Amino acid sequence: MNRRWGRLARAGFVVLALVAGKELATALPDQDVSLRPFEVAGELGTPVELRTGTVEVREVQLNQTVITPTAGYRTPGLWVAVSTRLTPAQEKETFAYAAVRSEDGRRVWEGRTRSSLSCPTPPPGVPVTCDLLFEVPPEALVGADLLVSTEADQRHDSLAVIDLAITAEQVERAQAQDEPVETREALVGGGDD
Amino acid sequence: MTPGEAPAAGAEQPAVGEGQPAAAAPLAADPGGDGSATRRPPRVAGEATSRARTWVTATPYRLPLAVAMVGLVLSAPFGGWRPAESGAVPVTAADEVVEAAPFEITLERAYFSPRPSESFPALDPGQQYVVVLGTLTSRHDATVDATYLTRAVAIEDLPEPIDLLGNPVEVADARPELYSAQDSTSVLRVGPDLTYDIGLVYRTAADELPEELTLALSGYTWRPDAFTGEHDWRDPAVVSEVVVPLARQEQP
């Protein structure tokens, strides 16, 4: 009789330990938190220092239609064309990740195609300026930030978070605008213009 | 009636406060002096509890069995005894929203044409495009790859489907290309909360096509991988079928 009760008690203890272990594992921060990137904040027109180079957002344009050198695109939201300059600090660095994040941080939009990030790879110290394209719902644009990195995997690495300074008036004007925005070819080199 | 026995059904119980001994009064010695003892009616609830406790603790295996039985009974008001859902796939009408996580999809109609517009590459003679029109919205909090959608849409009755190279494929392996109907460009990634007018583009070598097409839409589950812990949309499962009318493309 005591042996049977002992067996039941042991089984109950194992079940209890499993439940407690699961609760502990789910309550602790997961890997995404511990591996998160180091965010470097910046503003429109101000260079932001990353581990691999310097990033600067020079201009932001909003429109429902965008004409690129290869095709024209319409969107159910608004196109955000961000003229961004990268001055790499080492070789083989270019834009590998870029996205627009909403002000509350709950939503992130990347480009519709992977070519929206295509940008030449200049030598270290030589700047390159590219137009990065994103489509975002108009209601999420005010206060949105640009996330940009030269690494496809930003874990444990620096990530520029640049305030695009988009206002509600800009969004309204863009929604009413008929004339499309044209993006420019990538520019390697160039001064401070 | 003997002590400890429950009173017979319908037997009159003396009302408390009418000068009669209370139902819970203890067995007393002969107060009436006539040789018959006043018996306290048994505590029914107490007796049942005592018996239950004795039974449950008689062996170690009865306790978990008793807990399981109680749990089964208690689950009834919470739907535990509801009939299981049948395996039939629900059918959604065309133009109605299907929630196939992380997407919300509507499929409206389909048309076929050898070349719908100049933006479509020309096909070999005898081949034609079948384009299914609808809308697509992603409710994920970040941009997702469009392959999650193209893998979640299965066309069930397209005759003689072919791939991009013109080779025949099994209908179960026929995957569409995803285009934006607004600008006829390829959509490779879908951002959150944007409702696209889409075209799902198939190719077929069939001359005769049915008057309607059936498409099965699958939804995913957002969960971590068991080994890496990385979250992704996994485990596609059919959530609905949609039947759309198919007709020749209207000429402008």
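Some points to look at:
- ³J(HN,Hα) computed for each position of region B:236-250 - Karplus, 6.51 cos²θ - 1.76 cosθ + 1.60, integer Hz, glycine/proline x: x, 9, 5, 10, 6, 10, 10, 10, 10, x, 10, 8, 5, 4, 6
- Theoretical FRET efficiency, 1/(1+(r/R0)^6), r = Cβ-Cβ of residue A:46 and residue A:177, R0 25 Å, to 0.05: 0.40
- Sparse-neighbourhood loop sites, GluC sites (Glu not before Pro) in region A:53-134 - DSSP loop, at most 10 other Cβ within 10 angstrom: A:91
- About its Cα centre, the dipole of region B:91-248 is roughly 260 debye, where the only charges are +1 on Lys and Arg Cβ and -1 on Asp and Glu Cβ.
- Chymotrypsin sites (Phe, Trp or Tyr not before Pro) lying in DSSP loop within region B:53-129, provided at most 14 other Cβ fall within 10 Å: B:61, B:81
- Value at 222 nm in deg cm²/dmol, rounded to 500, when DSSP H runs of n ≥ 4 in chain A each add -39,500 (n - 2.57): -6500 deg cm²/dmol
- Cα shape, the protein assembly as shown, gyration tensor, a/c 1.5 rule: prolate
- Under 14 Å from the residue A:15 label point (7 Å along Cα→beta-carbon), backbone N, region B:59-73: B:60-72
- Each of A:137, A:189, B:228 was scored by the projection of its Cα onto the charge dipole of the protein assembly as shown, and the greatest displacement toward the positive side belongs to B:228; charges sit on the C-beta of Lys, Arg, Asp and Glu.
- A simple charge model with +1 on the Cβ of Lys and Arg, -1 on the Cβ of Asp and Glu and nothing else charged puts the dipole of the protein assembly as shown at about 3040 debye relative to its Cα centre.
- Axis of helix A:2-27 versus longest Cα principal axis of chain A: the two differ by about 10°, to the nearest ten degrees.
- Of A:34, A:158, A:118, the one that fluctuates the most in a GNM where chain A has Cα springs shorter than 10 Å: A:34
- The modelled label-to-label distance for the pair residue B:201/residue B:139, using points 7 Å beyond Cα in the direction of Cβ, is 3.0 nm.
- For residue A:53, the residues 5 or more places off, or on other chains, whose built amide H falls under 5 Å of its own are A:89.
- Inter-probe distance in nm under a simple model that places probes 7 Å from Cα toward Cβ, at residue B:70 and residue B:156: 4.7 nm
- Between residue B:57 and residue B:147, the simple label model (points 7 Å from Cα in the Cβ direction) yields a spacing of 6.3 nm.
- Shown for B:180, B:138: other C-beta atoms within 10 Å of each C-beta, ranked fewest to most, produce the order B:180, B:138.
- Counted charge near residue B:217, where neighbours are those whose Cβ lies closer than 10 Å (Asp, Glu -1; Lys, Arg +1): -2
- Residues whose amide H falls under 5 Å from that of residue B:157, counting only those 5 or more places apart or on a different chain, are B:214, with hydrogens built in the peptide plane.
- The mean sequence separation of alpha-carbon pairs under 8 Å and at least six residues apart, normalised by the residue count of region A:66-193, gives a relative contact order of 32 percent.
Coordinate-derived values only; no laboratory data. Every value quoted in this text rests on a predicted model; they were computed, and no experiment measured them. Here the Cβ is made from the backbone with ideal geometry for all residues, glycine too, and neighbour counts use every protein chain on show.
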